[in-house]
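The values are calculated or read from the model by the stated rules, or taken from the named source; none is laboratory data. None of the values given here were measured: they were computed from a predicted structure. Here the Cβ positions follow ideal geometry from the backbone for every residue, glycine too, while neighbour counts run over all protein chains shown.
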Amino acid sequence: MKRPTILEGALLSLIAAISGSVLFSALNLVLPGDTLLRLLVSLLSLAYIGYLMTRSRERLGRITAFGSWLLVTLTGLLLAPSLLLSVLLHCGFIWIVRSLYMHKGVLAAVADLALTALSLAAAAWATVQSGSLFLTIWCFFLMQALFVAIPENRSKNDFSPESGDAGFYQAWQSAQKALSKMISL
């Protein structure tokens, strides 16, 4: 499976922003604003985590991840006293899922955490500048789309012809064989 692209992430952010705005407008008459925003944050995080799961090569732990999302959501709805804490809970959960399913290594996870913080800052900026829910959601997920630019950490034995480094893989194998011959002499 091919790694997601920034263009794909930008399209996803547009879909999330349109869906979130339409859902907020439709349910604004039925639910109070704070409850509706918490519900919207939960649904958007579920949709984004679902997207990450479909684009991930990892197959294990998907049911556990969904169960954990449900636990985080219920905790956020019942115990978090403010919308901000609920947003931070879901952003932290998105970061954890993306770090586990899309990145290899601690450095990539730390870079992803910084990206998540920048995404929150961009969303806060959009909210302060425009007051538009559409722009807030769009800016947040547009920044999240940049996770594909985080370089992959490779272990010393992580090279294979399938990784796109066929020439390097052949050179690495030759070096391994030469080193084996030197050691066995």
* Structure fact -> Listed by first then second residue, the pairs whose first member lies in the range 96-113 and is free of Cβ contacts under 8 Å to residues at least 60 places away in the same chain and not assigned by TED's automatic domain parsing to the domain that holds Thr54, whose partner is in a helix (DSSP H, G or I) and charged (D, E, K, R), with beta carbons under 7 Å and at least 6 positions apart or on separate chains, are none
* So Gly9, is it under 14 Å from Met102 (Cβ atoms) and assigned to a helix (DSSP H, G or I) -> yes
* Asked: Somewhere in the range 56-68, is a residue assigned by TED's automatic domain parsing to the domain that holds Leu120, in a helix (DSSP H, G or I) and touching a residue at least 40 places away in the same chain (Cβ under 8 Å)?
  -> no
* To do: Tell me, yes or no, whether the range 123-132 has at least one residue that is at negative phi, modelled with pLDDT of 85 or more and under 16 Å from the mean Cα position of the chain (by Cα).
  => yes
* Asked: If we scan the range 69-92, do we find a residue that is among the aliphatic types (A, V, I, L, M), touching a Phe, Trp or Tyr at 6+ places or on another chain (Cβ under 6 Å) and at pLDDT 90 or above?
  -> no
* Given the conditions (1) more than 15 Å from the chain's Cα centre (by Cα); (2) under 19 Å from Gly50 (Cβ atoms); (3) not hydrophobic (A, V, I, L, M, F, W, C), which single one is not true for Ser99? -> (1)
* Structure fact -> Residue pairs qualifying under the 9 Å Cβ cut-off, at least six apart or on distinct chains, with the first in the range 26-41 being assigned by TED's automatic domain parsing to the domain that holds Leu77 and the second being hydroxyl-bearing (Ser, Thr, Tyr) and not in a helix (DSSP H, G or I), are Asp34/Ser82
* **Total residues in the range 11-25, condition surrounded by 15 or more Cβ atoms within 10 Å (Cβ to Cβ) and either of a type in the set (Gly, Ala, Ser) or not assigned by TED's automatic domain parsing to the domain that holds Leu77 (or both)** => 6
